[in-house]
1. Among the residues of the range 286-298, is there at least one that is within 13 Å of ligand 2 (Cβ to nearest atom) and of a type in the set (Asp, Glu)?
2. Looking at ASN220, is it more than 13 Å from ligand 2 (Cβ to nearest atom), modelled with pLDDT of 95 or more and surrounded by fewer than 17 Cβ atoms within 10 Å (Cβ to Cβ)?
3. Could you tell me whether GLY338 is at pLDDT 90 or above, within 12 Å of ligand 1 (Cβ to nearest atom) and either in contact with a helix residue (DSSP H, G or I) (Cβ under 6 Å, 6 or more places away or on another chain) or more than 24 Å from PHE181 (Cα to Cα) (or both)?
4. Can you name every residue in the range 309-350 that is among the β-branched types (Val, Ile, Thr) and outside any strand (DSSP E or B)?
5. So which residues in the range 236-253 are away from ligand 1 (no atom under 15 Å from the Cβ) and among the β-branched types (Val, Ile, Thr)?
6. Tell me, yes or no, whether the range 154-168 has at least one residue that is of a type in the set (S, T, N, Q) and surrounded by 13 or more Cβ atoms within 10 Å (Cβ to Cβ).
7. Considering only the range 203-217, how many residues are without any contact (Cβ under 8 Å) to a residue 40 or more places away in the chain, surrounded by 11 or more Cβ atoms within 10 Å (Cβ to Cβ) and not acidic (Asp, Glu)?
Amino acid sequence: MKLKIKLPLLFLLVFVLIIFPGTLFIKTLITTATPKSLRIFPSLLHFEVIFYLLFLTGLVFVILAIYLHFTITKPLQLLNTRLNGVNIRRPISSLSSRRKDEIGELYNHFNDMEDRLHRAHKEQIGMIAAMAHDLKTPLTTINGFVELLAMQKNLSEREKQEFYELILKKTKHIAELINAFSSFTKDELELEAINMKSYEARKLFENIAAEYEIELSGFNFELDWNHTFTANQHILINEHMIRRVFGNLFSNAVRYVDKRDLKVYMSGYVQGNNAYFLVEDNGLGVLDKELPLLFLKFFTVDKSRQNKSGGMGLGLASCKSIIEHHGGGIDAFHSSYGGLGIRFYLPLMK
Ligand SMILES: Nc1ncnc2c1ncn2[C@@H]1O[C@H](COP(=O)(O)OP(=O)(O)OP(=O)(O)O)[C@@H](O)[C@H]1O
Ligand SMILES: [Mg+2]
């Protein structure tokens, strides 16, 4: 039972406990007292009534204090101690409570918060490690070539030229990595204050599909689309950001294709209170174990393949962040068309 119901009930009980028997007791005293006894012991009667009421009030107060101590003060003290001891490096066992009231909810929220904190910390470490790895690889190559140029005095002009070009290519790659990273962090900051507008799901779907149909045909690729959205199904979105999500998904489909006849499938439907959007392809796809990792920052499936394609592993992380800022969710699955499928949903406006 919620505290907002428990506490008023408790006070009602206290009221009934004091007032009801109190009135009954006084009434009995008055009816059983003879005029003579009342004349002789009026103060005794008062004393008895006052004593009874004081005793009852005291008893109820003690019960109330014990009850409040165990139901409110103690759990809050425990939470306070835990808050003091929050440590992002060393997770402590989660606070357990079988209570279904506000305190139980508070404990659950605290556990969720601690969990998110640890995940964010792990992601941060992973992000730094991945960034260091991505920067280290081209830097090692540059270092190797510079050393060669400095040590080998008998290199031909042609060899020197080749090395300079490779160094230039690697420095450009580093610059690209840094640019991608800074635009990702810029997006994250922008997301903090985005403006949302109501948009018809059907209209958004059809506009995007029409645009990418033309774009993909430029690469000789095909887009197959269908939806079951109807009129007046609105979603609250920042169009620019949602377009960026579609942009990332379509660019991935084109980038990770292993054949000439790439086909992308875009579909949309409403389920429950959400509008669902799916982008699937018949390309390379990913392994089972990689599916849940795709949305982590800097995650790329195959490093050697990425170097060729130039991806940094931030596209899907950015999609996740944008969709979650819209109150939606995103996941990846094996498409029945053979490649990767990405599904995201956005809440419909009521
Ligand atoms: N449609 C797809 N088919 C196969 N693999 C994919 C597909 N989309 C993404 N992936 C895999 O998921 C990884 C993460 O994708 P993500 O878009 O986050 O990063 P990226 O494309 O490598 O780089 P960025 O988008 O930052 O330029 C990719 O490196 C790729 O290995
Ligand atoms: Mg990408």
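The values are calculated or read from the model by the stated rules, or taken from the named source; none is laboratory data. Computed from a prediction, not measured in an experiment: that's the story for all the values here. Reconstructed Cβ throughout: ideal geometry from the backbone, glycine too, with neighbour counts over all protein chains shown.
1. no
2. The answer is no for ASN220.
3. yes
4. Within the range 309-350, the first condition is being among the β-branched types (Val, Ile, Thr), and the residues that meet it are 322-323, 330, 342.
ILE322, ILE323, listed by residue number.
5. Of everything in the range 236-253, those that are away from ligand 1 (no atom under 15 Å from the Cβ) and among the β-branched types (Val, Ile, Thr) turn out to be ILE237, ILE242.
6. We begin by selecting, within the range 154-168, every residue of a type in the set (S, T, N, Q); these are 154, 156, 161.
After this cut, where a residue has to be surrounded by 13 or more Cβ atoms within 10 Å (Cβ to Cβ) as well, the list is none.
Looking through the range 154-168, none of the residues is of a type in the set (S, T, N, Q) and surrounded by 13 or more Cβ atoms within 10 Å (Cβ to Cβ).
7. As a first pass, look at the range 203-217 and keep what is without any contact (Cβ under 8 Å) to a residue 40 or more places away in the chain: 203-204, 206-207, 210-211, 213-215, 217.
Subsequent filtering for residues that are surrounded by 11 or more Cβ atoms within 10 Å (Cβ to Cβ) retains 203-204, 206-207, 210-211, 213, 215, 217.
Right, trim to not acidic (Asp, Glu) and you get 203-204, 207, 210, 217.
Counting residues in the range 203-217 that are without any contact (Cβ under 8 Å) to a residue 40 or more places away in the chain, surrounded by 11 or more Cβ atoms within 10 Å (Cβ to Cβ) and not acidic (Asp, Glu) gives 5.
Residue-by-condition table, conditions (1) in a helix (DSSP H, G or I); (2) more than 32 Å from the chain's Cα centre (by Cα); (3) at pLDDT below 90:
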residue: ALA129; (1), (2), (3): yes, no, yes
residue: LEU135; (1), (2), (3): yes, no, yes
residue: PRO138; (1), (2), (3): yes, yes, yes
residue: THR141; (1), (2), (3): yes, yes, yes
residue: ALA150; (1), (2), (3): yes, yes, no
residue: ASN154; (1), (2), (3): no, yes, yes
residue: LYS170; (1), (2), (3): yes, yes, yes
